[in-house]
Amino acid sequence: MKRRSRVPLYLLAAGTAVVVVAGLLGSLSRRDRPDAGEGSPPTPVVAPVSPGGAALADAARRYIPLADARPVMETLRGHLPGELRGQNDAAIESVWPDWVASRDAAIRARVQRGDEDSLVFFWYFGTSFTNLPPVTARNAPGLGGPEAAERMLQQRLDRLLDALSVPGADERVQFARSVVERRGISPSTPAGRAEARRYLGEIRARVVREYDEHQQALRSMQEQDSADALAGFATMYRERGLSSDTSVLAAFAVEQALSDLRAGGVLGDGAVRRAAVVGPGLDFANKDDGYDFYPVQTIQPFALADSLIRLGLASADDLAITTLDLSDRVNQHIESARRKARAGQGYVLHLPLDAVEAWNPELVAYWARAGDRIGRESQAIVPPSSAGRIRVRAVTIPPMRVLSVVPRDLNIVLERLDPPSGMRFDAIVATNILVYYDAFEQALALANIAAMLRPGGILLSNTPVPPTAGMKLSERFTTVSYSARQRDYLFWYTRQ
Ligand SMILES: C[S@@+](CC[C@H](N)C(=O)[O-])C[C@H]1O[C@@H](n2cnc3c(N)ncnc32)[C@H](O)[C@@H]1O
């Protein structure tokens, strides 16, 4: 734990830089993959729902009231969107409902652009639709230089288009096809294939441009050490599509922060009965540390339960986790896991770790134990040798634990749940999400989080956001070292 004022800016930036690392694996046909829950008895499960869990599953969802947004507008007068800037109270009151509804729709529309980004990463790095080597930063030199890498990318595109034309049962390919179809393109016809090729080329050009701009912005921020640069870092993805990427690294970071909170006396034994994950994400296509040789999965809700129980902050039989996400794909994935759990099927979590990266030994130790408090070790899918060196574990999470995770559709910038008092969350985790918003939107999100936390409740976020009435940013924070070249910071906020 260190004092916040000592965080060097360039280190902050290093934590969330999109470092496209390599090492992704060869293909594995669907029939080689064990189904989630293989081996679980097919006995229908009715979860004993804790009162807290039930209250949150049914809690009303509503837009942020103007009264809660007013203090934010006061503090961030210079950062208001055009429609709200320079208006008197009466004018703001009259435009507020329309502004909230239209901003909600605009934010939700960004999911589509994030889906397109995932398609590009799938094309570059995916191993489930082709045996061709992924084109990653690590193995590009071995392919024989930029022209050879470009030729490989075009061959990979041909394989991807083949897969899109006959998608079969693979959920990633089905999803990729649905993204293309949303544009009115049918990749099964020769004309549609040509259109799909053009469309993917356009998305690729945008993603590459955004990546270059991001790198440039990072460099310029690393050269400064000012408040502006810090604000720039904290809102770095505000124009980006909303991506769903996730990996075991975020789970490690949260466990480290919870351990610090416990050591610092901020959270004690059994302090958490109700926790929320804002933006749990889906591990879909390999970008930084995700892979596609196992089924699409969400990690954070289960990893959070595992960490809370390991640290004694929650009891295994009295913990309800609510996920708050605006992505239908994320919410439907968790709903589907719950449906299978009700039929007696567990959830298999794959935990991959690149064996080439020089990870911090604490991260490796975390990876080796993750899931042991909530599930049982099971047979992991073996990555193909063409994949390079990778370690992988699998943990099967029993149906009861799966059913303790309840997804709610929610845009944290503009919406909140309204649980009965006494049923508010003890802890909320929001990693790699607030960075997608500008300072005003972040402050609104913090106001919504404040409204859902009990007094003394904790928010953990790796984005330093402008403080909001009712939420106190701690001077202490957690420094998380993943490896010599990757680190992150988790900030602690306490509900006053
Ligand atoms: C990049 S992923 C991060 C996943 C995970 N928290 C982690 O740290 O690995 C961002 C997640 O936040 C969700 N998200 C983005 N904006 C959101 C919003 N305004 N409200 C709720 N969820 C949001 C996305 O759908 C996605 O699931």
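A few comments on the model shown:
- Verdict on Ala257 being more than 10 Å from the ligand (Cβ to nearest atom), farther than 30 Å from Val356 by Cβ and crowded, with 24+ Cβ neighbours inside 10 Å: no
- Selection status of Gly346, surrounded by fewer than 24 Cβ atoms within 10 Å (Cβ to Cβ), at pLDDT 95 or above and more than 13 Å from the ligand (Cβ to nearest atom): no
- Filter pass, Val135 being at pLDDT 90 or above and either touching a strand residue (DSSP E or B) at 6+ places or on another chain (Cβ under 7 Å) or among the hydrophobic types (A, V, I, L, M, F, W, C) (or both): no
- Out of Leu261, Leu200, Leu218, one residue alone is assigned to a helix (DSSP H, G or I) and within 22 Å of Asn139 (Cβ to Cβ). It is Leu200.
Rundown of residues vs (1) surrounded by 24 or more Cβ atoms within 10 Å (Cβ to Cβ); (2) more than 12 Å from the ligand (Cβ to nearest atom); (3) not in a loop (DSSP other than H, G, I, E, B), yes/no style:
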position	(1), (2), (3)
Leu267	yes, yes, no
Asp292	yes, yes, no
Pro295	no, yes, no
Leu304	yes, no, yes
Ile309	no, yes, yes
Gly312	no, yes, no
Asn331	no, no, yes
Ala341	yes, yes, yes
Val356	no, yes, no
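- Within the stretch 96-143, considering residues that are among the polar types (S, T, N, Q) and in a helix (DSSP H, G or I), the one farthest from the ligand (Cβ to nearest atom): Ser102
- Residue within the stretch 466-481 that is out of contact with any Asp or Glu (no Cβ under 8 Å at 6 or more places or on another chain), within 18 Å of Gln300 (Cα to Cα), touching a residue at least 40 places away in the same chain (Cβ under 8 Å) and buried (at least 19 other Cβ atoms within 10 Å of the Cβ) present: no
- From the list Gly142, Gly168, the one residue that fits, being among the small types (Gly, Ala, Ser), at negative phi and outside the structural domain of Ala355 (by TED's automatic domain parsing), is Gly142.
- Apart from one condition, Thr468 fits all of (1) outside any strand (DSSP E or B); (2) within 12 Å of the ligand (Cβ to nearest atom); the exception is (2).
- Per the listing Ala443, Ala447, Ala430, Ala439, the residue uniquely out of contact with any Pro (no Cβ under 6 Å at 6 or more places or on another chain) and either farther than 27 Å from Glu335 by Cβ or among the polar types (S, T, N, Q) (or both) is Ala447.
- Condition check for Arg274: away from the ligand (no atom under 16 Å from the Cβ) and outside the structural domain of Thr130 (by TED's automatic domain parsing): yes
- Test result for Ala90, in contact with a strand residue (DSSP E or B) (Cβ under 8 Å, 6 or more places away or on another chain), over 30 Å from Tyr291 (Cβ atoms) and surrounded by fewer than 16 Cβ atoms within 10 Å (Cβ to Cβ): no
- Qualifying strands (runs of 3 or more DSSP E) (wholly inside the stretch 359-440; at least 2 residues being touching a helix residue (DSSP H, G or I) at 6+ places or on another chain (Cβ under 7 Å) and within 14 Å of the ligand (Cβ to nearest atom)): 405-409, 415-418, 425-430
- Against the numbered list (1) under 22 Å from Arg240 (Cα atoms); (2) touching a Phe, Trp or Tyr at 6+ places or on another chain (Cβ under 6 Å); (3) among the small types (Gly, Ala, Ser), Gly126 comes up short only at (2).
- The stretch 109-134 residues that are of a type in the set (D, E, K, R), paired with ones that are surrounded by fewer than 24 Cβ atoms within 10 Å (Cβ to Cβ) (beta carbon under 6 Å, 6 or more apart): Arg110/Gly241; Arg110/Leu242; Arg113/Gly241; Asp115/Val179; Glu116/Ile203; Asp117/Val207; Asp117/Gly241
The values are calculated or read from the model by the stated rules, or taken from the named source; none is laboratory data. Keep in mind that what you see is a predicted model, and the values were worked out from it rather than measured. Methodologically, a virtual Cβ is constructed for each residue, glycine included, from the backbone with ideal geometry; neighbour enumeration extends over all protein chains shown.
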